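Here is the structure we will look at, set down as structure tokens.
The values are calculated or read from the model by the stated rules, or taken from the named source; none is laboratory data. None of these values were measured; they are calculated from a predicted model. Virtual Cβ from ideal backbone geometry, glycine too; neighbours counted across all protein chains shown.
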Amino acid sequence: MKRFLIQGLLMGVFVLLQVSVLNRIPYLNTKPNLILIYTFSAGLLRGSVNGMLTGFFGGLIMDVILGQYIGFSSLIYLVLGFLTGLTYQRLTTDVPLIPILTAFFCELFYHLYIYIFRFLVRNRLNFGSYFKNIIFPELVFTVVVSIVLFGLLYYGNNLLEENEKRSALKFV
Amino acid sequence: MKKRRLDFLFSIKYILLILTIICLVSLVITYSKGDSIGVYKTAVSKAFSPISNAITGIGDHFSDQKKLRTEKEELLERIEHLEEENRLLQDQLRKYQSDYYSLSEMKELLNIKDDFSGYPMVGAKVIAKENGNWFSKFTINRGSNDGIEKDMNVVAAGGLAGIVTQVGPDYSVVTSILDDQMNVSAICRSSRASCMVMGDIDAMSEGYIRLMYMKKDADIREFDEIITAPTSSKYLPDLTIGYAVLLQTDPNNMTMSGYLIPSVDFENIENVMVILKLKQ
């Protein structure tokens, strides 16, 4: 219950950061994708179900706020949450390489999805320039931010887990 | 032990399946409707708009206070003020120019009134911008409660900024003219030669918009003002879009194309006006 509330609150904070606070920072041409970072963090730290739900709701909120088709980004975040969740408890998460690699592949996957379903279908073929101008800057930025953000989420998760264990012991 | 693990996997797969189906169904519904579903929209906008509004408000408050404190900021403010005045004067000048150009026509077509300052308008603040750089959209803090409808034109200081593509009760989403999916039919203010303004991601990153389908011998020169055409189906006539640059003849030797410097500063767009009149 406590975790549920905290995760909902965090999602709200990330959505607001994403759509309104990050825009107010001057000289920032590209934005890191916080929802994506949060989704794969949930997947890595809490497993597929948590990752899927986080991605689904995060994507849904983003879609309603700004997207044209509801469910479009929801679907990709859902899949990313599921896929990263498959590594849950099979991969050690306290190495910085893990969030870096995950962020890299998730971003790549996410952008390819947008490119294929929103641009390629309208016969926009110059992928090279899209990659140079849009995908690459956001990819780098997201990877950098993900190191910090994943670290924070990792420690937050550890604290919560200890807390949960302690309260479970009390009842036993 | 093995069985339990399989059960666990099955339950994950069911959740995945159900959520995917929800996504696909809402995708299909919104795609076929061309607009998103009201229930979702009102629910989220009720929760989201006030907070986002508040954040914009807090941001404004802090930036205002900071400006008052330091002298440098005060000077900057003065510059801003003068720029604003300059812009207003430029607008006025542009208006006079347009009056001058249209005077001869006016004599013939006395009943056509094409002054956009005469339209009813509502001011709005930009409260959210598109996630990522693929699209160029922003959300404003006015919606159907303020009389906004889909396809209404949005202007900012300088000229046309975009068009309303989604309306909620107290917010609406504006797709800017930079967006890859946008096409605006336009004309040159001085020569009335027609052309097409098309959003393009490549050009967008350089701050330009594509200008296409002009006749090879059309009388459009560099830095000519491009305005919306009276023939456009969604855009009101005579709104400034930008200034033509880098014109060159296409390889087919029949048409000319180039780029447009938008007259609106999309990087720092904060306040916009929505024209409460739909093109008939």
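Collect the residues in segment B:123-152 that are on the phi > 0 side of the Ramachandran plot and buried (at least 20 other Cβ atoms within 10 Å of the Cβ), keeping them in residue-number order.
B:Gly132
Select, from A:Leu149, A:Leu169, the only residue that is within 30 Å of A:Pro96 (Cβ to Cβ) and either modelled with pLDDT of 85 or more or assigned to a helix (DSSP H, G or I) (or both).
A:Leu149
Take the conditions assigned to a helix (DSSP H, G or I), closer than 14 Å to A:Ala42 by Cα and not aromatic (Phe, Trp, Tyr) and apply them to A:Leu78. Does it pass?
yes
For every residue, the table says whether it meets (1) buried (at least 23 other Cβ atoms within 10 Å of the Cβ); (2) assigned to a helix (DSSP H, G or I); (3) among the aliphatic types (A, V, I, L, M).
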{"residue": "A:Leu17", "(1), (2), (3)": "no, yes, yes"}
{"residue": "A:Leu28", "(1), (2), (3)": "no, no, yes"}
{"residue": "A:Ile37", "(1), (2), (3)": "yes, yes, yes"}
{"residue": "A:Gly55", "(1), (2), (3)": "yes, yes, no"}
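Could you figure out which of (1) part of a helix (DSSP H, G or I); (2) within 11 Å of chain B (Cβ to nearest Cβ) isn't true of A:Tyr88?
Tallying (1) part of a helix (DSSP H, G or I); (2) within 11 Å of chain B (Cβ to nearest Cβ), A:Tyr88 fails exactly one: (1).
Exactly one condition in (1) β-branched (Val, Ile, Thr); (2) surrounded by 12 or more Cβ atoms within 10 Å (Cβ to Cβ); (3) at pLDDT 75 or above is not met by B:Val44; state its number.
(3)
If a residue has to be more than 10 Å from every other protein chain (Cβ to nearest Cβ), free of Cβ contacts under 8 Å to residues at least 12 places away in the same chain and surrounded by 12 or more Cβ atoms within 10 Å (Cβ to Cβ) to count, how many in segment A:110-130 make the cut?
2
Kindly evaluate A:Leu44 against the criterion of being more than 10 Å from chain B (Cβ to nearest Cβ), under 23 Å from B:Ile18 (Cα atoms) and either surrounded by fewer than 22 Cβ atoms within 10 Å (Cβ to Cβ) or touching a residue at least 24 places away in the same chain (Cβ under 8 Å) (or both).
Criteria met by A:Leu44.
If you scan segment B:128-158, which residues turn out to be more than 10 Å from every other protein chain (Cβ to nearest Cβ) and under 10 Å from the mean Cα position of the chain (by Cα)?
Selection gives B:Ser136, B:Asn153, B:Val154, B:Val155, B:Ala156.
Find the residue count for segment B:163-190, including only residues that are touching a residue at least 24 places away in the same chain (Cβ under 8 Å) and outside any loop (DSSP other than H, G, I, E, B).
Result for segment B:163-190: 15.
Would segment A:107-126 turn up any residue that is farther than 22 Å from B:Glu130 by Cβ and aromatic (Phe, Trp, Tyr)?
no
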